[in-house]
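Shown next, in structure tokens, is the structure this report addresses.
Read-outs: derived from the displayed coordinates by stated rules, not from any lab. Everything numeric in this text was worked out from a predicted model, so none of it was measured. Quick reminder, even Gly has a Cβ in these numbers, built from the backbone with ideal geometry, and neighbours come from all protein chains shown.
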Amino acid sequence: MFLTLTRLPDLSIVIFRSLPKRGNANAFNEKLIVKIMNHGRIFMSSTLIYGKFMLRLAVLSFRTHLEKVDEAITIVEEMIDQVKKEF
């Protein structure tokens, strides 16, 4: 599994995408965001940057604990594995 940061996080927003070993990365990430949103535990948004589909994770509350960020990363990794099986 590869996650690629497009730039260093700014404030509390992280923009990233998963790069599959084969196939269209944009299509893969579009399926990934749908899986994440359907999971229902975390909310993420997406955007297109120079034609590349990117996912965005925003941690806006100063009360957010590291455990919650780790949980979000774990969910993203689990959803990547699910999308890989279907892709």
- Message: How much length would be gained if the chain were fully extended between Ser12 and Lys68, taking 0.36 nm per residue of separation minus their Cα-Cα distance, in nm to one decimal?
- Response: 18.8 nm
- Message: Tell me the relative contact order for region 3-86 as a rounded percent, counting alpha carbon contacts under 8 Å between residues six or more apart.
- Response: 28
- Query: Where does the chain land at 222 nm, in deg cm²/dmol rounded to the nearest 500, when only DSSP H runs of n ≥ 4 count, each adding -39500 (n - 2.57), divided by all residues?
  - Reply: -14000 deg cm²/dmol
- Query: What is the order of Leu57, Leu32, Leu66, fewest Cβ neighbours within 10 Å to most?
  - Reply: Leu66, Leu57, Leu32
- Query: Total Lys pairs in the chain closer than 24 Å by alpha-carbon, pairs eight or more apart in sequence or interchain only?
  - Reply: 15
- Query: Most exposed first by the Cβ proxy, i.e. fewest other Cβ within 10 Å, how do Ile80, Ile42 rank?
  - Reply: Ile42, Ile80
- Item | Charge tally in the Cβ shell below 12 Å around Leu55, where Lys, Arg are +1 and Asp, Glu are -1, Leu55 excluded | +4
- About its Cα centre, what dipole magnitude does region 3-86 give when the only charges are +1 on Lys and Arg Cβ and -1 on Asp and Glu Cβ, stated in debye to the nearest 20? 280
- Item | Rg in Å to one decimal, and Dmax rounded to a whole Å, for region 3-86 via C-alpha atoms | 12.6, 39
- Task: Give a residue-ordered list of calculated ³J(HN,Hα) values for region 55-62 (Karplus: 6.51 cos²θ - 1.76 cosθ + 1.60, θ = phi - 60°; whole Hz; x for Gly, Pro).
- Result: 9, 10, 10, 10, 10, 9, 8, 5
